[in-house]
Amino acid sequence: MPQKLILPQAGGTRREYTPGQAAVIELPKAPLQSRIAYSAAHVVCDPFADADPLNNAQIDWDGTLAYRRHLWSLGLAVAEAMDTAQRGMGLNWERAKELIARSTAEARAVGGRIASGAGTDHLSPGPNVTLEQVEAAYEEQCSFVESQGGRIILMASRALAACAKSPEDYERVYGKILSQVKEPVILHWLGDMFDPQLAGYWGHKDADAAMDVCLRVIRANESKVDGIKISLLDKDKEIVMRRQLPASVKMYTGDDFNYPELIKGDEQGYSHALLGIFDAIAPAAAAAIHALDNGDVNRFDALLEKTVPLSRHIFQRPTYAYKTGIVFMAYLNGHQSHFRMIGGAEGSRSIVHLSDLFVMADQAGLLVNPDLAAERMQLVLKLAGA
């Protein structure tokens, strides 16, 4: 039996907990069929690099690529160099280029599906930035992704949000970039709960008005848009938008609160997935979509229902700190030997938060080896003084 842990709780109390409360999920091996499921993947920090961990943290390339091979082995696709990889929050464009190049080559070698984020994060946001500079920044990053043989996820731009004066500015920039790409891209609408600097994206603070602008961009450039991922944590708005998309354009849910319902869909359609939480719940996500492939909706529901409390916990406010929980899950499950992150982001959540995460992950059957997980949780507790 795994060791019994004494876990701190809110309010200063403690509880006894022994992991191993749920059966570990059997890992699927066959390709997914009914849905496209991208997992935005985290990067593994090199804890032994003699470099400034806040501003120049180094990446453990072996560990980082090994985790992507794990995701591909489950049938999941990889969304590379996204916010889950701490893009713009520890991972700069120069480091992202190396990540994209290495991961795209690895995907080719193992037959994995991959798309990579192209944005403008090497351009500092500010009111003096011009639309021409934003366009040039997008062009540079899109050109790099394509030069590696990769597909593009066109990320939301902090610089564009800072300098755009109207919805027409967004239409201009996106129209120009989409006219140049070689293959259809996935657009990425990230809400300000994930990145406060993206408030008012598409030229409107009102989400419905912003959606109208985004839909205009998609309709005007339909042949260059594979799909759109929206991360607004509002299932109703996603469904409304999904029903207005052209038939050739996919909806990729980025809703880490309501993904089971959105992926399952309704009589009028469904969403594919491009989710940060799939990094943490990869076995359950893959097994659930396999169940959907086989028409077993009850198993789909049962597998993902247990993961929702965990996901809502990991993505609680401040939402952008969710990467800490994602990496903690990888540490607990032995995918990396340490709980260190670039930018020192392992300190972005409390020990109470991590203790609750441990329990929720165990109850969802997501601790692959409860003995190892308990041993590692105990080390984190000791380090915290618990």
Next item on the list: Could you tell me how many degrees, from 0 to 90 and to the nearest 10, lie between the Cα long axis of helix 282-293 and the main elongation axis, the longest principal axis, of the Cα atoms of the chain?
Entry: 70 degrees
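Once you have the alpha carbon radius of gyration of the stretch 110-214, what is it after dividing by 2.2 N^0.38 Å, with N set to its residue count?
Numbers: Rg = 13.6 Å, N = 105, 2.2 N^0.38 = 12.9 Å.
Normalised Rg, Cα atoms only: 1.06.
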Note to self: How high is the relative contact order of the stretch 49-122? Use alpha-carbon pairs under 8 Å, at least six apart in sequence, and give a whole percent.
What the structure shows: 35 percent
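S179 to V352: FRET efficiency via 1/(1 + (r/R0)^6), r the Cβ-Cβ distance, R0 41 Å, to the nearest 0.05? Walk me through the numbers on the way to the answer.
Numbers: r = 50 Å, r/R0 = 1.22.
Here the calculated transfer efficiency is 0.25.
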Note to self: Using alpha carbons only, how many angstrom separate the centre of the stretch 128-195 from the centre of the stretch 202-237?
What the structure shows: 14 Å
Next item on the list: Pull up all non-local amide H partners of S116: gap of 5 or more, or a different chain, and H-to-H distance under 5 Å with H placed in the peptide plane.
Entry: E80, R151, I152, I153
Next item on the list: Provide the convex hull volume over Cα atoms per residue for the chain, in Å³.
Entry: 137 Å³
Next item on the list: For the stretch 82-88, just list the computed ³J(HN,Hα) in residue order, Karplus coefficients 6.51, -1.76 and 1.60, θ = phi - 60°, integers in Hz, with x standing in for Gly and Pro.
Entry: 9, 5, 4, 7, 6, 4, x
Note to self: Give me, ordered by chain and number, the residues 5 or more places off D46 or on other chains with an amide H under 5 Å from its own placed amide H.
What the structure shows: Q58, I59, D60
Notebook entry, point to check: Any idea how far apart S223 and F48 come out in nm if each label point goes 7 Å out from Cα toward Cβ?
Noted result: 5.4 nm
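Please report, to one decimal in angstroms, the Kirkwood hydrodynamic radius of the stretch 115-161 built from all distinct Cα-Cα pairs. Write down the numbers at each step before the final one.
Values: mean 1/r = 0.0936 Å⁻¹.
Averaging 1/r across every pair of different Cα atoms and inverting gives 10.7 Å.
Rounded to the nearest 0.05, what FRET efficiency do T130 and N92 give with R0 = 30 Å and r taken as the Cβ-Cβ distance? Could you check?
On the way: r = 22 Å, r/R0 = 0.72.
Once rounded, the FRET efficiency stands at 0.85.
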Notebook entry, point to check: For the stretch 240-296, what ratio Rg/Rh do Cα atoms give with a Kirkwood hydrodynamic radius?
Noted result: 0.97
Next item on the list: Mind listing the long-range amide H neighbours of T253? Cut-off is under 5 Å, sequence gap 5 or more, other chains count too, H placed in the peptide plane at 1.01 Å from N.
Entry: H272, A273, L274
Next item on the list: Multiply the residue separation of S166 and Q197 by 0.36 nm, subtract the distance between their alpha-carbon atoms, and state the gained length in nm to one decimal.
Entry: 9.5 nm
Next item on the list: Distance check, please: which entries in K97/K205; K224/K306; K97/K237; K235/K323; K97/K264; K4/K306 exceed 29 angstrom between their Cα atoms?
Entry: K97/K205; K224/K306; K97/K237; K97/K264
Margin query: Probe radius 1.4 Å, ligands and nucleic acids ignored: give me the carbon and sulfur share of the accessible area of the chain as a rounded percent.
Written below: 48 percent
Check: When the Debye formula is applied to the Cα atoms of the stretch 343-386, each taken as the same point scatterer, what base-10 log of I(q)/I(0) results at q = 0.14, 0.28, 0.29, 0.34 Å⁻¹?
Finding: -0.34, -1.08, -1.11, -1.19
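Express the accessible area of the stretch 263-309 per residue in Å², computed with a 1.4 Å probe while the remaining protein chains stay in the model. Write down the numbers at each step before the final one.
On the way: 1730 Å² over 47 residues.
I get 37 Å² per residue for the stretch 263-309.
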Note to self: Using a 7 Å offset from the Cα along the Cα-to-Cβ direction at both A66 and E375, what is the distance between the two label points in nm, to one decimal?
What the structure shows: 1.5 nm
Next item on the list: For the stretch 270-386, count all C-alpha to C-alpha pairs, find those more than 18 Å apart, and express that count as a whole percent of the total.
Entry: 51 percent
Check: How large is log10 I(q)/I(0) at q = 0.09, 0.12, 0.13, 0.16 Å⁻¹ when the Debye formula is applied to the Cα atoms of the stretch 119-278, each weighted equally and without solvent?
Finding: -0.27, -0.49, -0.57, -0.88
Check: Mind checking the angle between helix 207-220 and the chain's longest principal axis? C-alpha axes, 0 to 90 degrees, to the nearest 10.
Finding: 60 degrees
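So if I take the alpha carbon set of the stretch 4-123, get Rg, then get Rh from the Kirkwood formula, what is the Rg over Rh ratio? Spell out each step's value before the answer.
Numbers: Rg = 18.0 Å, Rh = 16.7 Å.
Rg divided by Rh gives 1.08.
Per the helix-only calculation at 222 nm, which mean residue ellipticity applies to the chain, given -39500 (n - 2.57) for every DSSP H run of n ≥ 4 and division by its residues, nearest 500 deg cm²/dmol?
Working: 15 runs with 166 residues, N = 386.
Taking each H run of at least 4 residues, the total per residue is -13000 deg cm²/dmol.
Wrap a convex hull around the Cα atoms of the stretch 164-234, take a quarter of its surface area, and give that in square nanometres. Could you put the intermediate results ahead of the total?
Working: hull surface 18.3 nm².
One quarter of the hull surface, i.e. the mean projection, equals 4.6 nm².
Of the DSSP beta bridges with both residues in the chain, give the percent that are antiparallel, rounding to the nearest 5. Walk me through the numbers before you get to the answer.
Values: 6 of 34 bridges.
Here the share of antiparallel DSSP bridges comes out near 20 percent.
The values are calculated or read from the model by the stated rules, or taken from the named source; none is laboratory data. Keep in mind that what you see is a predicted model, and the values were worked out from it rather than measured. In this analysis, Cβ positions are derived from the backbone assuming ideal geometry, glycine residues included, and neighbour counts consider all displayed protein chains. Each accessible area value is taken on the protein alone, full model and side chains, heavy atoms only, with ligands, DNA and RNA left out. Shrake-Rupley method; radii C 1.70, N 1.55, O 1.52, S 1.80 Å.
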